[in-house]
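Everything below concerns the one structure shown next.
The values are calculated or read from the model by the stated rules, or taken from the named source; none is laboratory data. What you see is a predicted model, and the numbers here were worked out from it, not measured in a lab. Positions of Cβ are backbone-derived with ideal geometry, glycine not excepted, and every protein chain shown enters the neighbour counts. Just so you know, the surface numbers come from the protein's heavy atoms only, side chains and all, with ligands and any DNA or RNA stripped out. Shrake-Rupley method; radii C 1.70, N 1.55, O 1.52, S 1.80 Å.
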Amino acid sequence: MSTTGPDAGSLFPGKHFISTVLEALETKTAMSGTLGRRYFMRAAMAGIMIGVLYAAHYAVITAFAQIAVGGSTLEPLGRIAGALTFGWALVFIYYSRSELLTSNMMIVSIGAYHRRTTWGRAARLLGLCYLGNFVGGLLVAAFLRFSTLADGAVFDRMVASADHKLAFVADGPTGWVDLLIRAILCNFCINLAMLLVYNGLIRNDVAKSSVMIVAVFIFAFLGLEHSVANTVLFSIVGMQEGIDLGLVTGNIVLALLGNFIGGGLLIGWYYAYVNDDTRWLRDNPADQASTGGSADLS
């Protein structure tokens, strides 16, 4: 029977994930500073991808809803197909190395925990990323405004969806809590997928893509609240028929807060803490000598 206790590697199995995220943070922080224009462009491309795939999501649901079978329609099947279609947005963003606000919430939170960034620099990165996402989505909204791609039943479904999201704000505190919870769960799902992608255990691209598609499918199918997707939807609807900017602002603020709690705290801060071996290595110097310490997380 072994007389030695478990080593840091078995007690803190997520160190590879943390190290990978911190490396990504260094690149993102540098780009959002000295290469701010290029970082903005990468974020705008993510907004374009969100916009195109979100529009396709509504188009797919609408197409199925127009198929009559036995006195009903195939809309329930369309909701599944539409959510799966939108699921590819995160895959496209990840493999094109574009910048999405909600996954960056997890990254900056881990960086702040390990003192690799300040909250000021984190806010700059997130703010520039959101602005880029917004401009990219606004471009898609303009494309749809001056084309017939989203005319008729597809646009009507977008309007109904936007009205449903704005109703959370108009309904008062009960609706605010509902929206906040939906936003928390939304980014929890998104960043849970990114945790699996970054942790080094999944090396196959098909598996990585599947994880990301399922995560987005869950949020789209359940009607969870994603701040960037909502921004794009409100831009599309607002550019064509106008929209209540007060309700839009309320929705986006609550969605941003919930997304940060779900991705930044429940995934980022949580996993930064449970994989922090600093105190363990300080109390077990023999283990620190055998593992080389935790210099990668200093």
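Overview of results
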quantity	calculated
Gap separating the Cα centres of segment 248-279 and segment 118-134, nearest whole Å	15 Å
Residue order for R182, R115 - accessible surface, 1.4 angstrom probe, largest first	R115, R182
In order through segment 141-155: 3J(HN,Hα) via Karplus (6.51 cos²θ - 1.76 cosθ + 1.60), integer Hz, x for Gly, Pro	4, 5, 4, 6, 5, 9, 9, 9, 4, 10, 6, x, 5, 5, 5
Among L126, L35, L180: highest mean-square fluctuation, GNM of the chain, C-alpha pairs under 10 Å	L35
5 Å binning of all Cα-Cα separations within the chain, expressed as whole percents from 0 upward	1, 6, 11, 15, 17, 16, 12, 8, 6, 4, 3, 2, 1, 0, 0
Tilt relative to the chain, helix 101-113 - C-alpha long axis, 0 to 90 degrees, to 10	20 degrees
Residue among A44, A170, A162 with the largest mean-square fluctuation in a Gaussian network model of the chain, springs linking Cα atoms under 10 Å	A170
The chain, dipole about Cα centre (Lys/Arg Cβ +1, Asp/Glu Cβ -1), debye to the nearest 20	660 debye
Theoretical ellipticity at 222 nm over the chain - DSSP helices of four or more residues, -39500 (n - 2.57) apiece, nearest 500	-25000 deg cm²/dmol
Whole-angstrom gap from segment 17-31 to segment 153-167, using each part's C-alpha centre	37 Å
Charge dipole (the chain, unit charges on Cβ, about Cα centre) - positive-most of G175, A30, L265	A30
Per residue accessible area in Å² of segment 34-131, where ligands, DNA and RNA are left out and the probe is 1.4 Å	45 Å²
Euclidean distance of C-alpha centroids, segment 200-246 and segment 68-104, integer Å	8 Å
Largest-first ordering by accessible area, 1.4 Å probe, given options L125, L185	L185, L125
For segment 139-216, size of Cβ-based charge dipole, Lys and Arg +1, Asp and Glu -1, in debye	300 debye
Accessible carbon and sulfur surface of the chain relative to its total accessible area, %, 1.4 Å	65 percent
